[in-house]
1. Considering each of 279, 295 in turn, give the residue that is surrounded by fewer than 21 Cβ atoms within 10 Å (Cβ to Cβ), at pLDDT 95 or above and more than 14 Å from the ligand (Cβ to nearest atom).
2. Name, by its number, the condition in (1) surrounded by fewer than 18 Cβ atoms within 10 Å (Cβ to Cβ); (2) without any contact (Cβ under 8 Å) to a residue 60 or more places away in the chain that does not hold for residue 215.
3. Give 315, 355, 287 a once-over and let me know the one that is at negative phi and at pLDDT below 95.
4. Consider residue 244 against the criteria (1) more than 9 Å from the ligand (Cβ to nearest atom); (2) over 28 Å from residue 121 (Cα atoms); (3) in contact with a strand residue (DSSP E or B) (Cβ under 7 Å, 6 or more places away or on another chain): it satisfies all of them except one. Which criterion is unmet?
5. Tell me which residues, restricted to segment 308-361, are part of a loop (DSSP other than H, G, I, E, B), away from the ligand (no atom under 16 Å from the Cβ) and within 18 Å of the chain's Cα centre (by Cα).
6. Please go through segment 265-276 and give me each residue that is closer than 16 Å to residue 311 by Cβ and crowded, with 20+ Cβ neighbours inside 10 Å, ordered by number.
7. Taking segment 261-278, which residues are more than 30 Å from residue 221 (Cα to Cα) and in contact with a strand residue (DSSP E or B) (Cβ under 8 Å, 6 or more places away or on another chain)?
8. The conditions are (1) touching a residue at least 24 places away in the same chain (Cβ under 8 Å); (2) closer than 27 Å to residue 108 by Cα, and residue 208 fails exactly one of them. Which is it?
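The values are calculated or read from the model by the stated rules, or taken from the named source; none is laboratory data. Given the structure is predicted, the values throughout are model-derived calculations rather than measurements. Reconstructed Cβ throughout: ideal geometry from the backbone, glycine too, with neighbour counts over all protein chains shown.
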Ligand SMILES: O=C(O)CCC(=O)C(=O)O
């Protein structure tokens, strides 16, 4: 299904106010001849395309004091995080200890990758279901409607005794020219995992449970790392870079360039997120919502595109090891007096997002309904 998008003219009506009425999208790298999707595959219903008109006032949490063991700073960070997670599941952190030169270097390699000819990028193409890592143009190999206006490079990360998995992925799927890129992303993922575990500790403090509970739970966790490139779009008001969704994973650590485009749903409306070059964006996903017994929100967010400037972001989606049962800490359940979700593993939930429902705002409730349905076929049919 990957070959090329037929440049038909579904946007002709929408384009009529634009001087450039020709192939407004023909510069987009994933819109080349012979692909199978058409531009209609990118368009979202009007009701979904509401604009954000105000900026989110999320806390900018300083991790420096916590990382140095300062008790007062730790309590302040946990208090800020608690408020953000009760409200919308979103905050930014600075003082995170990640070298900004490493972040810049990751962007430089991402730039070089996305500028490559399509034929080279396609050497690392995602081939589902057996291979979920690699390059994708608009996820057109998995879906056919409401496609995201973006190109992505996705790979997995976990600590492994058999070697550096990210560095190995770059060498094996893209070749030795990408050895340096692989080394940088290996380091980047290791650094993100450190930040993720620090946040897990603060989340535990904020929930008033054993401060090491989540850190231990996620110590052997798995991550999916994704580089997103959102090309400029002639009709930014008709498409999304990434449609509205909550991440099914536990926490996401995102770095965005200075272009802007990330929106968060908070207080019943969409709000823009101001990019901060020295900060990392943190959003909670569905799995952490389950681990907090439903106390914390899974952040509903989306990415917009714009007409003039391409945008780049890097997302590190962190989850527990696949076979771990997602049970909230006992203290929390005792305090709440009840369990909000049934026992299931990250693998059960991830499988559902691969085979039944792509991530959107209702993935978790729909999963729970499906999971508890006694008539559903055994899970291995979906593997
Ligand atoms: O790139 C962004 O701003 C958001 C990315 C995102 O939500 C995702 O990749 O799931």
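1. Unique residue meeting the criteria: 295.
2. (1)
3. Working: 315 fails: at pLDDT below 95; 287 fails: at pLDDT below 95.
Only one candidate qualifies: 355.
4. All conditions pass for residue 244, except number (2).
5. Of the residues in segment 308-361, the ones part of a loop (DSSP other than H, G, I, E, B) are 308-310, 320-324, 326-329, 337-344, 356-361.
Pick out the ones that are also away from the ligand (no atom under 16 Å from the Cβ) and you get 308, 320-324, 326-329, 337-344, 356.
320, 321, 322, listed by residue number.
6. Narrowing segment 265-276 to residues closer than 16 Å to residue 311 by Cβ: 272-276.
The one that is closer than 16 Å to residue 311 by Cβ and crowded, with 20+ Cβ neighbours inside 10 Å: 273.
7. 269, 270, 271, 272
8. (2)
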